[in-house]
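Everything below concerns the one structure shown next.
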Amino acid sequence: MKMGNQTVISEFILLGLPMDSDQQNLFCALFLAMYVTTILGNLLIIVLIRLDSHLHTPMYLFLSNLSFSDLCFSSVTMPKLLQNMQSQVPSIPYAGCLTQMYFFLFFGNLESFLLVAMAYDRYVATCFPLHYTAIMSPMLCLSLVVLSWILTTFISLLHTLLMARLSFCANNVIPHFFCNIPALLKLACSDIQINEMVIFILGGLIIIVPFLLIFSSYARIVSSILKVPSARGICKAFSTCGSHLSVVSLFYGTIIGLYLCPSANNSTVKETVMAVRYTVITPMLNPFIYSLRNQDIKGALGRIFSKWTVQLSLGQGL
Ligand SMILES: *[C@@H]1O[C@H](CO)[C@@H](O)[C@H](O)[C@H]1NC(C)=O
């Protein structure tokens, strides 16, 4: 019988990043610094938006959701990567591996859906400025966020359950730094046809549909600006949409490059570098891209600090 000579795998080995052992400590410090920056930057955005009532608008509520999603997304892979860099046997239990896969998919897709909601928000703001508050009601914003959560729960659960069906035999070495689907599928020794089909169909839909929605909403924004060109309007629109578009291209550029253009020389090293880009770099850069050139965020930061200073000096005076 086929089942007879199969060993049940209880844990996987995560090979981590392809590097020499003398570089290990340097990279560990670098990644730790990047992770801390990601956490602090995104926390700062969330706290600022929560504290400052000027920022209680749909755009910033979505941004705060995006920051939350970024924060969780990097926490799915980074702590385990850092721990494994320090340990002799970089293993992860079977259940831990599936859990990591689930949350990786969950927050990755959530990010993608939130980018669509943000693009729609900018589209309404630019093309229907007079009806903006009526269209983007708190109810609609909340519905968009809840819908994103439901969709991403469904998608991640589907992929994870399909993965849990598979059996794994002798080889349990994942040549990657987290449990991602393609690496696990290569190790499986049962039939992976259904998994591949679902990944192909759902993956295509999830990458292409949001990308098209985002692209068409920014295309309409640009065309509506060009119809009634005023120097001030153009500047304002490009400064907000510019930061959105850089996040979108950072996020989708990597994913599309990775999944939709699989070249023949798609080596493990190249894949890992790309994965580092979207699991580590993108969540770290998002808060900076949004806030560096953003007057509202800077204003909020100024107001919060002056409030604290006043409170502090009042407290000392008493
Ligand atoms: C996410 O967006 C919703 C709806 O706009 C908002 O009510 C909620 O506070 C946001 N969540 C976070 C963590 O910012």
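The values are calculated or read from the model by the stated rules, or taken from the named source; none is laboratory data. Because the structure is a prediction, the values reported are computed rather than measured. Please note: Cβ atoms are built from the backbone with ideal geometry, for glycine as well, and neighbour counts cover all protein chains shown. Side chains are part of the model used for accessible areas, which takes the heavy atoms of the whole protein and leaves out ligands, DNA and RNA. Shrake-Rupley method; radii C 1.70, N 1.55, O 1.52, S 1.80 Å.
Hey, can you tell me all the residues within region 115-133 that are within 11 Å of the ligand (Cβ to nearest atom) and not hydrophobic (A, V, I, L, M, F, W, C)?
Scanning region 115-133 gives a single hit, D121.
Just to be sure before I move on: is T77 modelled with pLDDT under 95 and open to solvent by 30 Å² or more (accessible area, probe 1.4 Å) in the structure I sent? Walk me through how you get there before you give the answer.
Values: modelled with pLDDT under 95: yes; open to solvent by 30 Å² or more (accessible area, probe 1.4 Å): no.
No; evaluated as a whole, the condition is false for this residue.
Going by what's in this entry, would F12 be described as within 27 Å of L162 (Cα to Cα), in contact with a helix residue (DSSP H, G or I) (Cβ under 6 Å, 6 or more places away or on another chain) and assigned to a strand (DSSP E or B)?
Yes, satisfied.
Can you find a residue in region 97-114 that is of a type in the set (A, V, I, L, M) and within 12 Å of the ligand (Cβ to nearest atom)?
Yes, region 97-114 has at least one match.
With F73, F31 as the choices, which residue is away from the ligand (no atom under 11 Å from the Cβ), under 14 Å from the mean Cα position of the chain (by Cα) and assigned to a helix (DSSP H, G or I)?
Among F73, F31, only F73 is away from the ligand (no atom under 11 Å from the Cβ), under 14 Å from the mean Cα position of the chain (by Cα) and assigned to a helix (DSSP H, G or I).
Looking at M136, M163, which one is within 10 Å of the ligand (Cβ to nearest atom) and out of contact with any Phe, Trp or Tyr (no Cβ under 8 Å at 6 or more places or on another chain)?
M136
Determine, yes or no, whether F68 is open to solvent by 30 Å² or more (accessible area, probe 1.4 Å), assigned to a helix (DSSP H, G or I) and within 16 Å of the ligand (Cβ to nearest atom).
Working: open to solvent by 30 Å² or more (accessible area, probe 1.4 Å): yes; assigned to a helix (DSSP H, G or I): yes; within 16 Å of the ligand (Cβ to nearest atom): yes.
For F68, the condition - open to solvent by 30 Å² or more (accessible area, probe 1.4 Å), assigned to a helix (DSSP H, G or I) and within 16 Å of the ligand (Cβ to nearest atom) - is met.
Regarding region 87-94, can at least one residue be identified that is touching a Gly at 6+ places or on another chain (Cβ under 8 Å), part of a helix (DSSP H, G or I) and surrounded by 15 or more Cβ atoms within 10 Å (Cβ to Cβ)?
Residues of region 87-94 that are touching a Gly at 6+ places or on another chain (Cβ under 8 Å), as a first pass: 90.
Next, only the ones that are part of a helix (DSSP H, G or I) stay: none.
No, every residue in region 87-94 fails to be touching a Gly at 6+ places or on another chain (Cβ under 8 Å), part of a helix (DSSP H, G or I) and surrounded by 15 or more Cβ atoms within 10 Å (Cβ to Cβ).
Take the residues in region 46-65 that are in contact (Cβ under 8 Å) with a residue 40 or more places away in the chain and more than 9 Å from the ligand (Cβ to nearest atom), then tell me which one is surrounded by the most Cβ atoms within 10 Å (Cβ to Cβ). I'd like the intermediate steps shown before the answer.
Taking region 46-65 and keeping what is in contact (Cβ under 8 Å) with a residue 40 or more places away in the chain, we get 48-49, 51-52, 54-55, 58-63, 65.
If we keep only those that are more than 9 Å from the ligand (Cβ to nearest atom) as well, we get 48, 51-52, 54-55, 59.
Working: L48: 23, L51: 12, D52: 18, H54: 11, L55: 19, M59: 20.
Within region 46-65, the match that is surrounded by the most Cβ atoms within 10 Å (Cβ to Cβ) is L48.
Under the condition of being free of Cβ contacts under 8 Å to residues at least 12 places away in the same chain and part of a helix (DSSP H, G or I), which residue from region 186-197 is farthest from S74 (Cα to Cα)?
This residue is Q193.
Considering only residues that are open to solvent by 60 Å² or more (accessible area, probe 1.4 Å), in contact (Cβ under 8 Å) with a residue 12 or more places away in the chain and not in a helix (DSSP H, G or I), which ones fall in region 118-174?
A170, N171 - these are the residues of region 118-174 that are open to solvent by 60 Å² or more (accessible area, probe 1.4 Å), in contact (Cβ under 8 Å) with a residue 12 or more places away in the chain and not in a helix (DSSP H, G or I).
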